[in-house]
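The structure appears right after this line, and notes come after that.
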Amino acid sequence: MNEAVRETGTQLVKRGLAEMLKGGVIMDVVDAEQARIAEDAGAAAVMALERVPSDIRKDGGVARMSDPEMIEGIKSAVTIPVMAKARIGHFAEAQILQSLEVDYIDESEVLTPADETHHIDKWAFEVPFVCGATNLGEALRRISEGACLIRSKGEAGTGNIVEAVRHIRAITGDIRKITQADNAELFDWAKKLQSPLPLIQEISETGRLPVPIFCAGGIATPADASLVMQLGAESVFVGSGIFKSEDPAQRAQAIVEATTNFADAEKLAKVSRGLGEAMPGLEIENLETRLSDRGW
Amino acid sequence: MKVGVLALQGAFDRHAQELSLAGATPLEIRGPKHLEDVDALIIPGGESTTILKLAESLGVRDLLNDQIQDGLPVLGTCAGMIVLSKAIIDGRDDQNPLGSIDIDVRRNGYGRQLASFEADLQITGFETPFRGVFIRAPLVERAGKDVEVLASVEGNPVFCRQEKIMTTSFHPELVSDGRIHELFLELAFASS
């Protein structure tokens, strides 16, 4: 009998893992213990990083890829996929993360950018990438560079959902408009969004982004998760919102259940009860650094 | 033909699309009351720890178990196969599968994401190969004597059937080829 030839690193395989993460919660964790709490609570994946965004904001300085030892520790602590962050444009960090066999790389504005013009050429990697976006043009540029999953950026480490809502609405709103555009208008959309025409044409036919769209940045409560899921996100990333709250294990499980039952207000009311204090929130206008402005 | 798709977490929307194309009516299952009027069920890919955990906390597990024992036809893909298996190797200690089909599976038995792959599969009864997409896929380490193996990769079963339960290590919902969904619907509705 002929043996099957295995093809690895294909778009189908890379985008496929993003499909498997849908309807789930991806949680930021800084050590193996937090990773186990996240997995216990039902996280679909964890993001291994040295400091959660709210601490990066507080500490200042340059934020970089995490120590490989810490990433290995988290990998061996859990059975679910492990993601890790590389700086924007820092392809050497991404190469290291690939060699560590992380399951997804987040080319992330939460870390300090390494290149102010170029993002990583993500086609050059076998491991899939997720990238942030504040609008549809940014999302499509990242997809054209090879990203297999887009997350709206929000404003990480603030516990304030307002920017996440702005970004997910900007992306889904423009998608809706493109589905109404005629062929001549599609050229103008490509020019306006500084994005490749074939991707614009694909959206006009399918009415959706070519890859899954998740939401990140500012999610702190079960209701926040429900809000962005109802606005069109297919999963949520929760960073500081869990481990900077009073009772991380309980809040993590509540956000997982809220993401599954995002349209069921009764269930949401039930899981929102008695969770203790959420993470302290920040006003966007008082921020010194806006992480979501990073990326081009 | 009302076919439930367990929509706790994972690639449930892609299965729903394939079911519609095959002429069935998909229903998303998020709680026990949704299970009441389905004639068959798909448990999708996703994370098996998350799906089993939510099945328990949202009160779906017991009813699901009863219905499967009463003969509800089920297709489980990837994580769905893990959920339906008899025993999980390399899983979490507290991961307790439903035991609906007599197979033992190793979680991520084909490796992490970098080892995820696609390959042409020869499936019993199909005239042309089926494109199998394997994502952090579970490896079937043992299939009991009542289990029919419909496809294998390098000697390991990747498509199994026992009575009205079907399981795949790969993701038929990710390729535009409805043959496995059609086969499942035939199996599910053959006698009724």
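The values are calculated or read from the model by the stated rules, or taken from the named source; none is laboratory data. Just so you know, these numbers come straight off a predicted model, no measurement behind them. Because the Cβ atoms are built from the backbone with ideal geometry, glycine has one as well, and the counts that use them run over all protein chains shown. In case anyone asks, the SASA skips ligands and DNA or RNA and just uses the protein heavy atoms, side chains included. Shrake-Rupley method; radii C 1.70, N 1.55, O 1.52, S 1.80 Å.
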Worksheet entry | A:Gly42 being within 14 Å of another protein chain (Cβ to nearest Cβ), touching a Leu at 6+ places or on another chain (Cβ under 7 Å), crowded, with 24+ Cβ neighbours inside 10 Å and in contact (Cβ under 8 Å) with a residue 40 or more places away in the chain | yes
Discussion item. If I ask for residues that are open to solvent by 10 Å² or more (accessible area, probe 1.4 Å), in a loop (DSSP other than H, G, I, E, B) and within 20 Å of B:Gly46 (Cα to Cα), which ones from segment B:59-72 would you list?
Written reply: B:Gly59
Response to the item:
Across segment A:127-137, the tally of residues that are touching a helix residue (DSSP H, G or I) at 6+ places or on another chain (Cβ under 6 Å) and either part of a strand (DSSP E or B) or open to solvent by 10 Å² or more (accessible area, probe 1.4 Å) (or both) stands at 5
Worksheet, complete the sentence: Among the residues of segment B:43-58, the number that are outside any helix (DSSP H, G or I) and under 18 Å from B:Phe134 (Cβ atoms) is 5
Worksheet, complete the sentence: Selection from segment B:79-97 of residues facing another protein chain (nearest Cβ under 10 Å) and open to solvent by less than 10 Å² (accessible area, probe 1.4 Å) yields B:Ala79
Worksheet item: Is it true that A:Glu155 is acidic (Asp, Glu), touching a residue at least 40 places away in the same chain (Cβ under 8 Å), surrounded by 24 or more Cβ atoms within 10 Å (Cβ to Cβ) and part of a strand (DSSP E or B)?
Response: no
Worksheet item: Do you know which of the residues in segment A:89-109 that are more than 22 Å from A:Gly159 (Cα to Cα) and surrounded by 23 or more Cβ atoms within 10 Å (Cβ to Cβ) is nearest to the other protein chains (Cβ to nearest Cβ)?
Response: A:Asp103
Fill in: Subset of segment A:3-26 that is part of a helix (DSSP H, G or I) and facing chain B (nearest Cβ under 7 Å) - its residue that is surrounded by the most Cβ atoms within 10 Å (Cβ to Cβ)
A:Gly16
Worksheet item: Out of A:Ala63, A:Ala35, which single residue is more than 11 Å from chain B (Cβ to nearest Cβ), in a loop (DSSP other than H, G, I, E, B) and crowded, with 20+ Cβ neighbours inside 10 Å?
Response: A:Ala63
Practice prompt. Please tell me if A:Ile56 is outside any loop (DSSP other than H, G, I, E, B), over 24 Å from A:Glu116 (Cβ atoms), more than 8 Å from chain B (Cβ to nearest Cβ) and in contact (Cβ under 8 Å) with a residue 12 or more places away in the chain.
Written response: no
Worksheet item: Would you call A:Ile120 modelled with pLDDT of 95 or more, of a type in the set (Val, Ile, Thr), open to solvent by less than 60 Å² (accessible area, probe 1.4 Å) and closer than 30 Å to A:Arg6 by Cβ?
Response: yes
Worksheet item: Counting just the residues of segment B:146-184 that are open to solvent by less than 10 Å² (accessible area, probe 1.4 Å) and in a helix (DSSP H, G or I), which one comes out nearest to B:Glu127 (Cα to Cα)?
Response: B:Ile180
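Table: residues versus (1) hydroxyl-bearing (Ser, Thr, Tyr); (2) touching a Cys at 6+ places or on another chain (Cβ under 6 Å); (3) at pLDDT 95 or above.
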{"residue": "A:Gln180", "(1), (2), (3)": "no, no, yes"}
{"residue": "A:Ala190", "(1), (2), (3)": "no, no, yes"}
{"residue": "A:Pro198", "(1), (2), (3)": "no, no, yes"}
{"residue": "A:Met229", "(1), (2), (3)": "no, no, yes"}
{"residue": "A:Glu257", "(1), (2), (3)": "no, no, yes"}
{"residue": "A:Leu268", "(1), (2), (3)": "no, no, yes"}
{"residue": "A:Ser272", "(1), (2), (3)": "yes, no, yes"}
{"residue": "A:Leu282", "(1), (2), (3)": "no, no, no"}
{"residue": "A:Ser292", "(1), (2), (3)": "yes, no, no"}
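Residue under question is A:Val256, and the condition is that it be farther than 18 Å from A:Thr172 by Cα and of a type in the set (A, V, I, L, M); does it hold?
Details: farther than 18 Å from A:Thr172 by Cα: yes; of a type in the set (A, V, I, L, M): yes.
So A:Val256 passes the test.
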Worksheet item: Tell me, which residue of segment A:238-296 that is of a type in the set (S, T, N, Q) and more than 14 Å from chain B (Cβ to nearest Cβ) is farthest from A:Glu109 (Cα to Cα)?
Response: A:Ser272
Worksheet item: What number of residues within segment A:169-195 are open to solvent by 20 Å² or more (accessible area, probe 1.4 Å), within 18 Å of A:Gly154 (Cβ to Cβ) and in contact with a helix residue (DSSP H, G or I) (Cβ under 6 Å, 6 or more places away or on another chain)?
Response: 1
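Residue check: is A:Ala220 within 23 Å of the chain's Cα centre (by Cα) and either open to solvent by 10 Å² or more (accessible area, probe 1.4 Å) or touching a residue at least 12 places away in the same chain (Cβ under 8 Å) (or both)?
In short, yes.
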